[in-house]
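Here is the structure we will look at, set down as structure tokens.
Nothing in this text is a laboratory measurement; each read-out follows from the coordinates by a stated rule. Not measured: the values here are computed from a predicted model.
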Amino acid sequence: MTRETRGVPAAVVRCLQAAGGYDVHVVTAESRTTLRYSRHCTIHRHALATADEVLAAVQEAVQEMVTSTSAGEPVVVVPVEEELIRLTGEVDWSAAPQVVVAAGPSPALCRTIDDKWECQQLLESAALPVIDTAAADDDRARVLARASAWPDGALVKPRLGAGGRGIVRCRTVEELDEALEARRDQLDRYIVQEFIAGEHVGCNLLAVDGQVVLATSQVGWLDGVPDGFTTPVGLDVAAEEDVLELAQEFAAATRWDGVANIDLRRRRGDGRLFVVEINPRYWQTLLGSLAAGVNFPHAHVGRARGGDPESSQPLPTRWADFHTITDTAPALRIGLRNVVAVRRATDWHVLALDPAYEAVLLADKLRRIGISGARRTLRRPRRAAGAALRRAGLRQ
């Protein structure tokens, strides 16, 4: 169940297809989803803005599935986005006795985790290693004095949001003051956090009542956006012991049930790990874990059906996502500069598993890159003309 089907939902479908034996139906609010071209799932379109709409959408999909579902076999609902995880937790499922919702955090815990400030307070109270963080709407002088002790500067982050959007790095206290001043009317929506120089590390997990049963660690080897805060497009997937130990501490402290992605930072110099934030859902690089031999959606659904997830250790794997590398023109250039490494790390065979869907995705990417290039081409003559007019004194 998802509102948009790009990225993570498509990866969940791919993982279930790889496991085999599933009749996958995608309930989405997206009107023209590219997943409708996939041979591995059936699409159901429905509004998903309220708990009542979620229940109605699932009931409608179950009615269509009844002919292909064995008698008594449960229909497992897997919400993919945070908002839908919250909404499914608020639904009274007694009206749909055949439905089982895959394990996930409670709506209250999900809301706490989504808010970066409240999440920091929760993690700190659980004695987990967190990064020094201040509320942006705290006394300005106190925030700046605190940041002056941070050797590598600060980050200004939205309290709500994902994907690295809206994050600004400030290397000096003066830059931080300017960034806060620019947001003075909405400081309550931001936090200020120490920037830890070092390496970004990710941890993906499936937990059952506070006990981690599946986990992988990942470190980027190819960034999609230089100096950005987005997920790397190339990953080394493994099972680093200290990362998995920290994941278990988090799961035990929160009695976590379901999947999660933990953003970590490994400090340069001493190698200490810090928790940056928690994503209470499936993650963009889900197929990296699949390439390493760990199928999180298959285990997640199996658990909902009453089985015990089989513990499996990931095989150390260097992985690159073809779709992410080719998603934008800048990322494409990065991929070409690392063409040999990308060729070796990309799981190319998956492109042949769903050819119609892959062809539509590729055509859409080429179209967007073409439009972007055309816009840049059209801007050049206008910029040249404007520069000429300014040199002639006809435009300021």
Query raised in the report: With (1) under 30 Å from LEU264 (Cα atoms); (2) within 19 Å of the chain's Cα centre (by Cα); (3) aliphatic (A, V, I, L, M) as the list, and LEU35 as the residue in question, which single condition is left unmet?
Result: (1)
Requested in this report: For region 35-124, please list each of the strands (runs of 3 or more DSSP E) lying entirely inside it that holds at least 2 residues being farther than 22 Å from ALA260 by Cα.
Outcome: 42-45
